[in-house]
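The values are calculated or read from the model by the stated rules, or taken from the named source; none is laboratory data. Keep in mind that what you see is a predicted model, and the values were worked out from it rather than measured. Cβ placement follows ideal geometry from the backbone for every residue including glycine, while neighbour counts extend to all protein chains displayed.
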Amino acid sequence: MPASDLDLLEQYARLNSEEAFATLVHRRLDLVYSAALRQVRSPQLAEEVAQSVFTDLSRNTQKLKPKTILSAWLYQVTRRTAIDVIRRESRRQFRERIALEMTDMNSTSSAWTQIEPLLDEAMEALDETDRSAVLLRYFENKSLREVGQTLGTSEDAAQKRVGRAVERLREFFAKHGVSLGASGLVVVIAANAVQAAPVGLALTIGNDRTNQSHSHDYTSKNFDNCDHRRRRRDSDL
């Protein structure tokens, strides 16, 4: 009678029997690989998931409870591992897509040059809330949570609003002959929309405000003095 899964696990844990573990792998590999393939949709990634799952099994053999149903344990670990792989691949593909779009933009050296003269018109075409969302997110570099708090909504709602607004901007630019993906568009806007003002401009503005304040005070004092002299003349008469 063939040894049970738990018997094989015990042999591996107690005797470090590679033969017992190899038997387990051979017995359960099809289950793990098939479950992984249904989720990651890639034979190569499914192989990666399967390897990771059985590595986890080898490391956690002694932690399994005596009544563990190995097929159920493997199925759950496969699912969690596949989800992690999908998320990792999504992040990688997103980074690659941005890099590709940025490469395309750099190759023409025209992305910001094309966007800049149209940006304010495109922003004006948005409704007030969408425009505020884009300004907060990409002009002020606020997090989605901060955008939501400022707009009086949730982080998820802010993310959806920002996404819709960016798509409207993309459509606007496309109609004007500027073709960019949404991710590439926000990278360009975030990197270029707010430029550093000239050094000393803030001081100049501050000095102007001070001078205006002094001028206002001087004018007010002169007016008060003139009014006082007028009242004295009237009283003398």
- prompt: All but one of (1) closer than 30 Å to GLY184 by Cβ; (2) buried (at least 17 other Cβ atoms within 10 Å of the Cβ); (3) not aromatic (Phe, Trp, Tyr) hold for ILE83; which doesn't?
  reply: (2)
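Looking only at the range 167-183, count every residue that is touching a Gly at 6+ places or on another chain (Cβ under 9 Å) and on the phi > 0 side of the Ramachandran plot and tell me the total.
0
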task: State yes or no: is VAL85 out of contact with any strand residue (DSSP E or B) (no Cβ under 8 Å at 6 or more places or on another chain), more than 30 Å from PHE54 (Cβ to Cβ) and either part of a helix (DSSP H, G or I) or not basic (Lys, Arg) (or both)?
output: no
Where ARG164 falls short, out of the listed (1) surrounded by 15 or more Cβ atoms within 10 Å (Cβ to Cβ); (2) at pLDDT 95 or above: (1)
- prompt: Do we find a residue being over 16 Å from ALA190 (Cα atoms), among the charged types (D, E, K, R) and at pLDDT below 95 anywhere in the range 105-119?
  reply: no
field: Residues of the range 193-233 satisfying the condition of being among the β-branched types (Val, Ile, Thr), at pLDDT below 80 and not in a loop (DSSP other than H, G, I, E, B)
entry: ILE205, THR210, THR219
